[in-house]
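Participant: I'd like to ask some things about the structure below.
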Amino acid sequence: MEKRTFLKTGLLLSVGVALAPLIQACKGGGKAGKSAGLPTIPPPKLRRTTPFALAPLPYAAAALEPHIDKMTMEIHHGTHHQAYVNNLNKAVEGTVYNEYELDDIVARITTADTDKVIRNNAGGHWNHTFFWQIMAPGAGGMPEGQLATSINTTFGSFDKFKEEFSNAAKGVFGSGWTWLCVGKDKGLFICTTPNQDNPLMLQIAAKTGTPILGLDVWEHAYYLKHQNKRPDYITAFFNVVNWKEVALRFDKAMF
Ligand code: MN
């Protein structure tokens, strides 16, 4: 063996030995089964200079009636969502997340106990901001264009998709969300997350992707009108899905 080759091989071997425990640790780490490898986290935008704030609903609180009632919308947006915003502002103070934009916090948040309050409230703020936008008065019906094609290809038909999404939403134990996402492979998939987690939480979600449709199945989202009848709420939700907005998000994630 030439000296140079020997040195190169020796170097590679030492690097391999040095990296082995790290790779092992990554494979073994993460409760959510991250064996597919480390998530790619985009660089932070940083330097958020103003506190998080609650945007007004994009329509009147009564605009989704009779499917989602005015009082539920008022309390859900004005009380619950506002609380996530307030608590997030308090929780990020003095932490590394203080200057991050919401997307950057969500991408970086970890399962550490010290991140728990930020995780719940950053998720709560992100999820609800998204939720108001993917609903609209006089909406519902069916998706069109590329999104419709992709749904049909993936799930067999729009009705089959609805059935699968609804079953996933019914199956969430306790509080959480059901999502339709675009995966890294540009394929559509349905998933659920507990509490205020979402599929953009690269360090936490069992399967990560870009949400294009999401349904809040916390009881606070439906209890006043539907009490414990979550299936009725899921049916009502499909009457207000803003498929145009969902399609915009689909296009952005795809192309
Ligand atoms: Mn909610």
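Participant: For segment 35-182, just say rounded, prolate or oblate: build the C-alpha gyration tensor, square-root its eigenvalues into a ≥ b ≥ c, call rounded for a/c under 1.5, and beyond that prolate if a/b exceeds b/c, oblate if not. Walk me through the numbers before you get to the answer.
Facilitator: Values: a/c = 2.01, a/b = 1.32, b/c = 1.52.
The shape class here is oblate.
Participant: Taking the alpha-carbon centroid of each part, what is the distance from segment 115-130 to segment 181-255 in angstrom?
Facilitator: One Cα centre to the other: 14 Å.
Participant: Would you work out if segment 193-255 is rounded, prolate or oblate? Take a ≥ b ≥ c from the square roots of the eigenvalues of the alpha-carbon gyration tensor; rounded if a/c is under 1.5, else prolate when a/b is larger than b/c, oblate otherwise. Write out the running numbers ahead of the final one.
Facilitator: On the way: a/c = 3.68, a/b = 1.38, b/c = 2.67.
Oblate is the answer for segment 193-255, as a/c is 1.5 or above yet b/c matches or exceeds a/b.
Participant: Continuing with this model, one more query. What is the spread of the Cα atoms of segment 111-243 along each of their three principal axes, largest first, in whole Å?
Facilitator: 44, 39, 24
Participant: What FRET efficiency comes out for the pair residue 232/residue 114, r = Cβ-Cβ distance, R0 = 51 Å, nearest 0.05? Could you put the intermediate results ahead of the total?
Facilitator: Values: r = 39 Å, r/R0 = 0.77.
Efficiency, from the Cβ-Cβ distance: 0.80.
Participant: Taking 7 Å along the Cα-to-C-beta vector as the label spot, tell me the residue 152-residue 60 distance in nanometres, rounded to one decimal.
Facilitator: Label at residue 152, label at residue 60, 3.8 nm between them.
Participant: Please compute the net charge surrounding residue 71, taking Lys and Arg as +1 and Asp and Glu as -1 over other residues with Cβ under 14 Å from its Cβ.
Facilitator: Values: positive: 70, 225; negative: 65, 69, 74.
Its environment carries a net charge of -1.
The numbers here are math on the coordinates, done by the rules we state, and not lab data. Remember, predicted model here, so these are calculated numbers, not experimental data. Heads up, the Cβs are rebuilt from the backbone with ideal geometry, glycines too, and the neighbour counts pull from every protein chain shown.
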